[in-house]
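> Input: one structure, supplied below.
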């Protein structure tokens, strides 16, 4: 199943989610409408809300609350992007200027706060304490991941284990929650909920590791962001961690200085070091292993087009070029 076929399968649900997003973004405050619509409509893949929809349908759910919760997940994701771009002083996301580059840091942070609070308003309307528990824990864990990433910035001795903990908290945790919510809505037994949660965690981890690969191997037009952004911000992602572990003394010294100082003064030399140590291939293999673990968990679900779609999402996470 291709990604286009997956989107077609969830097409009616996704259209309802898009309508709901537009409706619930509305505010009497004009700036919230402008900035919120700008970031939500900026061409994201919508994988997290899609995951809610597919997981719920794969678990036999036939109501409409999954549409509301898909919008909730997208709002939380969007809020984290707004805050991330401020922290990272980013100027480009998805091929467009970031909201903070246009409206400023203050507006971006405050609209991010609005999206978080609107998401929890919508969750209260669902009336599921279990869903509230999952999402409260998830947003808390994401915040911890953001702080852990901040502590790792400009730290060349960051270990792979520490970095993977950041990924699982900051990025993969929302994927995990999206899949888990589907099982909760479908009133599945604990073992199915746990399996779908693991699916989301492994999928999100694979997705981020492929982002790490693309940061050094794609181009700005394809990626929709500036290549080498992570290096410019002094972030030791897995390709750089691999060089620090496997590279020559000169390569390690080069990457150490690049991480400590940030910037792109030595980007070509760093890319050469990444290539010579096989860091891209290593990171890609790690991503593939995570995707395979995600696929393995799907055996807990009954056969259906929606289970096939979840399988296809895992394949897309590691085969994509953007």
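> Only residues that are within 19 Å of residue 42 (Cβ to Cβ) and part of a helix (DSSP H, G or I): list them for segment 4-27, please.
Result: 7, 14, 15, 17, 18, 19, 20, 21, 22, 23, 24, 25.
> Okay, next question. For residue 2, indicate whether it is more than 18 Å from residue 122 (Cα to Cα) and touching a residue at least 40 places away in the same chain (Cβ under 8 Å).
yes
> Just to check your reading of the model, which residue among 104, 95 is surrounded by fewer than 22 Cβ atoms within 10 Å (Cβ to Cβ) and in contact (Cβ under 8 Å) with a residue 60 or more places away in the chain? Before you say what the answer is, go through the steps one by one.
Numbers: 104 fails: in contact (Cβ under 8 Å) with a residue 60 or more places away in the chain.
The unique qualifying residue is 95.
> Residue under question is residue 53, and the condition is that it be over 18 Å from residue 176 (Cα atoms), in contact with a helix residue (DSSP H, G or I) (Cβ under 8 Å, 6 or more places away or on another chain) and in a helix (DSSP H, G or I); does it hold? Working first, answer last.
Numbers: over 18 Å from residue 176 (Cα atoms): no; in contact with a helix residue (DSSP H, G or I) (Cβ under 8 Å, 6 or more places away or on another chain): yes; in a helix (DSSP H, G or I): yes.
Spelling it out, it is not the case that residue 53 is over 18 Å from residue 176 (Cα atoms), in contact with a helix residue (DSSP H, G or I) (Cβ under 8 Å, 6 or more places away or on another chain) and in a helix (DSSP H, G or I).
> From 290, 233, 275, 249, grab the single residue that is touching a helix residue (DSSP H, G or I) at 6+ places or on another chain (Cβ under 7 Å) and either more than 30 Å from residue 86 (Cβ to Cβ) or at pLDDT 95 or above (or both).
Criteria check complete, one pass: 290.
> Follow-up question, since we're still on this one. Based on what the data block shows, is residue 301 surrounded by 18 or more Cβ atoms within 10 Å (Cβ to Cβ), farther than 19 Å from residue 155 by Cα and either at pLDDT below 95 or under 18 Å from the mean Cα position of the chain (by Cα) (or both)? So that I can check it myself, show each step before the final result.
Details: surrounded by 18 or more Cβ atoms within 10 Å (Cβ to Cβ): yes; farther than 19 Å from residue 155 by Cα: yes; either at pLDDT below 95 or under 18 Å from the mean Cα position of the chain (by Cα) (or both): no.
When the stated conditions are applied, residue 301 does not pass them.
> Here is a further query. So which residues in segment 124-135 are in contact with a helix residue (DSSP H, G or I) (Cβ under 8 Å, 6 or more places away or on another chain) and assigned to a helix (DSSP H, G or I)?
Across segment 124-135, the qualifying residues are 124, 125, 126, 130, 131, 132, 134, 135.
> Within segment 123-153, take every residue that is surrounded by 15 or more Cβ atoms within 10 Å (Cβ to Cβ) and more than 21 Å from the chain's Cα centre (by Cα) and give me the one that is farthest from residue 184 (Cα to Cα).
Only one residue tops the list, namely 126.
> Sticking with this one: Taking interchain pairs and intrachain pairs at least six residues apart, which have beta carbon atoms under 8 angstrom, with the first residue in segment 31-50 and surrounded by 14 or more Cβ atoms within 10 Å (Cβ to Cβ) and the second not in a helix (DSSP H, G or I)?
33/26; 33/27; 36/27; 42/93; 42/94; 42/96; 44/94; 50/10
The values are calculated or read from the model by the stated rules, or taken from the named source; none is laboratory data. Computed from a prediction, not measured in an experiment: that's the story for all the values here. Neighbour counts run over all protein chains shown; Cβ positions are idealised from the backbone, glycine included.
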